[in-house]
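One structure below.
Every read-out reported here was derived from the displayed coordinates using simple, explicitly stated rules and does not represent laboratory data. Just so we're clear, the structure is a prediction, and the values are computed from it rather than from any experiment. Heads up, the Cβs are rebuilt from the backbone with ideal geometry, glycines too, and the neighbour counts pull from every protein chain shown.
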Amino acid sequence: MVKVGSSSLTTASGGIDEQRVDALVDALGGLATGGREVVLVSSGAIAAGLAPLRLPRRPRDLATQQAAASVGQGLLIGRYTAGFARHGLTVGQILLTVDDVTRRAHYRNAYRTLRKLLDLGALPIVNENDTVATEEIRFGDNDRLAALVAALVDADLLVLLSDVDALYTGSPSDPSSRKISYVGDDSDLEGISIAAPGKSGVGTGGMVTKVEAARIATGFGIPVVLTAAPQAGAVLAGEEVGTLFRAAEHRPAARLFWLAHATAPRGRLHLDPGAVAAVVARRKSLLPAGITAVDGSFAAGDPVDLVDAGSGAPVARGLVNYDAVELPALLGRSTPELAAALGPGYEREVVHRDDLVLL
């Protein structure tokens, strides 16, 4: 699984840099023709559309971004199609919105399409569907998208290609910054600055989004390498370049991973201290007696955040068994009491522990 950013494919003024694209295609094409399954998550649609539309820089308003993406996506996929054809490879385009990985049915549909493309010997190229995504339903960067798709296809490795050759303790331009070659866990990131923006002005992600993507992927048991795009061939050949993020030893169930990282909560349940302790420390189900308040509009089966009523911080996410309109009348009451007053159907948990993941 390889993700490449806009700045690694385009010129600073917009437009596709054909030499950069060809270099990436050759690295991936060699891997794919050697029998490995390759999925590419490629940014660059908006940046590629700047020059044809005579836009001097990346637009800030959503409508112009969508217009640039509608022009640039065709140019980008056309360049990839021609490039991979030199290696005898067919590409398939998959454009996703947040909805496609946060709704369980859409998530499964995306998996089936990706799996079938790989089975047919095609190389899937994934991007956010910038032409239709609104501010409310967009990723904003492709790093998180790449991590989620890597988990979706059960990748053996995620490679994040950027315009920086590795993770550093500070800005790469600062002589005092030190390169970090290996990240075993979050303790290796303590005391470093990872929020430095990119240099190009055509991308949306920064180093912080790449580290977050690495956390998501490694949490699912997928190692991650972060390096510069010109190093793509080297890292795919197994050379020690960039920064390696170690994969977690124990992989969570796919359903719980989806719940933690690929869902958007539709509401919030505020928990008293006893309920927080039961859910977090003792891994118990959430019962009505421990809920103090309900926010949002959701239906039974929707994901909701479980929030510490004292601090306001989310402690878990789960699939709720009641509609939002039902819950206020149940708060603070025990399940036997509810069953006696309202019937046996109300003896069930608000969120069962099997449908709950700690955040």
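Sorting check: for 45-57, 237-249, which peptide has the highest mean count of neighbouring beta carbons within 10 Å, and how do the rest follow?
Sorting 45-57, 237-249 by mean packing, highest first, produces 45-57, 237-249.
This model, with +1 at the C-beta of Lys and Arg and -1 at the C-beta of Asp and Glu, gives the chain a dipole about its Cα centre of some 420 debye.
A Förster distance of 41 Å, applied to the separation of the beta-carbon atoms of Ala309 and Thr169, puts the FRET efficiency at 0.60. Each residue of segment 62-73 was assigned a 3J(HN,Hα) from its phi angle through the Karplus expression (A = 6.51, B = -1.76, C = 1.60, θ = phi - 60°), giving 5, 4, 6, 4, 5, 5, 5, 5, 5, 7, x, 4 Hz with x at Gly and Pro. Tell me whether segment 33-91 comes out rounded, prolate or oblate; compute the Cα gyration tensor, take square roots of the eigenvalues as a ≥ b ≥ c, and use a/c under 1.5 as the rounded threshold. It is prolate, given that a/c is not under 1.5 and a/b is the larger ratio. Here the Gaussian network model covers the chain, with springs between Cα atoms less than 10 Å apart; of Glu212, Glu337, Glu18, Glu337 fluctuates the most. Taking amide hydrogens as placed 1.01 Å from N in the peptide plane, the amide H of Val350 sits under 5 Å from those of Leu286, Leu287, each at least 5 positions away in sequence or on another chain. Computed over segment 1-66, relative contact order equals 43 percent, with contacts defined as Cα pairs under 8 Å that lie 6+ residues apart. Between the amide H of Val183 and those of Leu244, Phe245, Arg246, distances stay under 5 Å, these residues lying 5 or more places away or on another chain, with hydrogens modeled in the peptide plane. When only the Cβ of Lys, Arg, Asp and Glu is charged (+1, +1, -1, -1), the dipole of segment 263-350 relative to its Cα centre reaches about 260 debye.
Which order do Lys179, Lys210 fall in if you start with the one that has the fewest other Cβ atoms within 10 Å?
Lys179, Lys210
Select from Ala67, Thr243, Ala214 the residue farthest towards the positive end of the dipole of the chain; place +1 on Cβ of Lys and Arg, -1 on Cβ of Asp and Glu, and compute about the Cα centre. Going by the charge dipole, the pick is Ala67. Computed extension length for Lys179-Asp156: 5.8 nm, one decimal, from 0.36 nm per residue of separation with the Cα-Cα distance subtracted. Annotation: amide H of Leu96 within the under-5 Å range of Asn127, Glu128, Asn129, sequence separation 5 or more or interchain, hydrogens built in the peptide plane. Taking only the alpha-carbon positions of segment 2-257 and ignoring solvent, what does the Debye formula give for the base-10 log of I(q)/I(0) at q = 0.17 Å⁻¹? For segment 2-257 at q = 0.17 Å⁻¹, log10 I(q)/I(0) is -1.43. Between Ser297 and Gln93, what FRET efficiency follows from the Cβ-Cβ distance if R0 is 35 Å, with the result rounded to 0.05? According to the calculation, E is roughly 0.50. The residue among Ala27, Ala329, Ala234 whose Cα reaches farthest toward the positive pole of the charge dipole of the chain, with charges on the beta-carbon of Lys, Arg, Asp and Glu, is Ala27.
With a ≥ b ≥ c taken as the square roots of the eigenvalues of the C-alpha gyration tensor of segment 50-130, please select rounded if a/c is under 1.5 and otherwise prolate if a/b is larger than b/c or oblate if it is not? Because a/c hits 1.5 or more and a/b fails to exceed b/c, segment 50-130 counts as oblate.
Sequentially through segment 19-24, phi angles give Karplus couplings (6.51, -1.76, 1.60; θ = phi - 60°) of 5, 5, 5, 4, 5, 5 Hz, Gly and Pro residues having no value and appearing as x.
Using the average count of surrounding beta-carbon atoms within 10 Å as a protection proxy, the listed peptides 321-329, 255-263 rank, highest first, as 255-263, 321-329. 3J(HN,Hα) along segment 144-159, derived from phi through the Karplus expression 6.51 cos²θ - 1.76 cosθ + 1.60 where θ = phi - 60°, amounts to 5, 4, 4, 5, 5, 5, 4, 5, 4, 9, 6, 5, 7, 7, 10, 10 Hz, with x in place of Gly and Pro.
Dipole magnitude for segment 208-318: about 280 debye, using +1 per Lys or Arg Cβ and -1 per Asp or Glu Cβ, origin at the Cα centre.
Dividing the radius of gyration of the alpha carbons in segment 265-358 by their Kirkwood radius gives 0.93 for Rg/Rh. Most simply put, the chain has about 45% antiparallel DSSP beta bridges, counting only bridges with both residues inside it.
In terms of surrounding Cβ atoms within a 10 Å radius of their Cβ, Lys116, Lys284, Lys3 rank from fewest to most as Lys116, Lys284, Lys3.
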